[in-house]
Amino acid sequence: MTQNNGWEPIIGLEIHAQLNTASKLFSSDFNRFGDEPNANISEVSVAIPGSLPVLNRAAVRKAIQFGLAIRGNVQLWSRFDRKSYFYPDCPRNFQITQFDHPIVIGGTVIALVDGEEKQFAITKVQLEDDAGMLKHFSTFAGVDFNRAGVPLIEIVSEPCMRSAKDAVAYATTIRSILDYLDASDCNMEEGSLRFDVNVSVRKIGEPGLRNRIEIKNMNSFSNLELAIDHEIERQIALYEAAPNKKPGEVVEQCTYRWDPDLGATVLMRTKEDAEDYRYFPEPDLLPLVLTQQEVENEKTLLPELPLEKERRYAREYGLSAQQSYFLTSDKKTATFFENALQTCLQPKMVANWIAVEFTGRLKEKGMTISESGLRPSDIGELVLMIQEGVITGKTAKSVADEMMASPGLSPRTIVDKNPSLRPFQDTQLLEKIVSEVVEANPQSVKDFLAGRDRAFSFLVGQVMKRTQGSAQPEQVNSLLKESIARRT
């Protein structure tokens, strides 16, 4: 890539998504965030000797649906393995995962990057259980095992991304798919969705891959992008500072974490290989055997997915790719938009008011429109009032401000309480204002008659200024042209 001075980044993601099942992957313990520490545990969660795992059917169904959504190959025979590691939050001293025979192999994700659709390949999707959580206090640390055993799917991509923007677009699309499937709540602040990213660089055209750096446990898209960009720059700088060394001597394969305060990646440990985890088949679980009919049944239950909805919005409503992507990337926003259309079937205007006007106002509050308390019918009604000439586009912005201040108050009620928001009603006075504006700006009139459209826009602006934006633009345009015609 030219911006990297002849170096090409190679990026792959491992996404861990907690499944929102009622219970854990191998026990009946509640799968709930926010309960008192160690409230949702049993012999299985804390690995009491002799306790045995029993597989959660609901977690399997959600994994199958995700595999179908990414057009992967759902395996009719898969198997669980033990991944051994020793850490206080892992009560068994091993994780149950699917290393050799995952439930889904392959798949493709199509994401929008800078307005362009790109395809990203997935290697596999595997079921596994989560670890507990270490909690650090001023003088001691504790372990909360409520999360231990919570079902995860690990989604492993091919090293197919070439920029941080690619990675963010891919991860955003994965989140949308999980959201539409109701497979996960995707709450990154609570750790329901976490990203491990592998980054390496090589000279453009160079065969093979150089050592990669893994950056662990990021839970925001902004940090994901910052960490990748920083790591690309760091590795390029290291290679360029030691051009005569072998690449493997310059960048060692290690695991890092992202420190947002430092704005840098920080070394955690040298990278383990598969041999270090001593994988072997899980002896306490039988292989997971599915039938083709079970897979087909899950396929019939798939909802309209974000990419399908995005393309439908563009096709049926004539929305731009960017508008369609914005509205469909969040299921609740898409539902809000469709509900607003029940009141006003003007999709382009409704989309614009949601994606630009209201989202812009909500950004300062860190909210989405579905969290704002605004009602879809009120957004539709606001657009309808503009269409009917009840208010102008400019005064509609003031109405929108009032709607933000008092969610649940309809735009018609707001206008009824504030007559000044209604369009300029005095036609005779408006004609007088138009006449005065034309008379006061002879040069603009001449410029307009000479074919300069900007001069006419200036005259319109002067009238709107005199009427404080309450005049109907169409009426102003008509009266201006009549007044100019009478003077020529």
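Listed here are the pairs 309/397; 24/309; 216/309; 348/397; which of them are more than 22 Å apart at the Cα? Over 22 Å apart, Cα to Cα: 309/397; 24/309; 216/309.
First select every other residue whose beta carbon is under 9 angstrom from the beta carbon of residue 216; then total the charges, Lys and Arg +1, Asp and Glu -1.
0
Sparsely packed loop sites in the stretch 188-279 (the GluC sites (Glu not before Pro) outside DSSP H, G, I, E and B with at most 16 other Cβ atoms within 10 Å) comprise 189, 190, 252, 272.
Rounded to the nearest 20 debye, the dipole size of the stretch 427-486 about its Cα centre is 120 debye, using +1 on the Cβ of Lys and Arg and -1 on the Cβ of Asp and Glu.
Which one, 198, 94, 390, is farthest towards the positive end of the dipole of the chain when Lys and Arg carry +1 and Asp and Glu -1 on their Cβ? It is 390.
May I ask you to give the average projected area over all directions of the convex hull of the Cα atoms of the stretch 12-153, in nm² rounded to one decimal? Intermediate results must be reported in sequence, preceding the final value.
Values: hull surface 43.3 nm².
In nm², the orientation-averaged hull projection of the stretch 12-153 is 10.8.
With the alpha-carbon atoms as the only input, what is the per residue convex hull volume for the stretch 306-421 in Å³?
Details: hull volume 10.6 nm³, N = 116.
Normalising the Cα hull of the stretch 306-421 by residue number yields 92 Å³.
The magnitude of the dipole of the chain, with charges of +1 and -1 set on the Cβ of Lys/Arg and Asp/Glu and taken from the Cα centre, is near 1320 debye.
With N denoting the number of residues in the chain, provide Rg(C-alpha) divided by 2.2 N^0.38 Å, to two decimal places. Present the calculation step by step, with values, prior to reporting the outcome.
On the way: Rg = 29.3 Å, N = 488, 2.2 N^0.38 = 23.1 Å.
Compared with the compact-globule rule of thumb, the chain sits at 1.27.
Projecting the Cα atoms of 476, 219, 411 onto the charge dipole of the chain (Cβ charges, centred on the Cα centre) puts 476 farthest toward the positive pole.
No value in this document is a laboratory result; all are computed from the given coordinates. These figures come from a predicted structure and were not determined experimentally. Methodologically, a virtual Cβ is constructed for each residue, glycine included, from the backbone with ideal geometry; neighbour enumeration extends over all protein chains shown.
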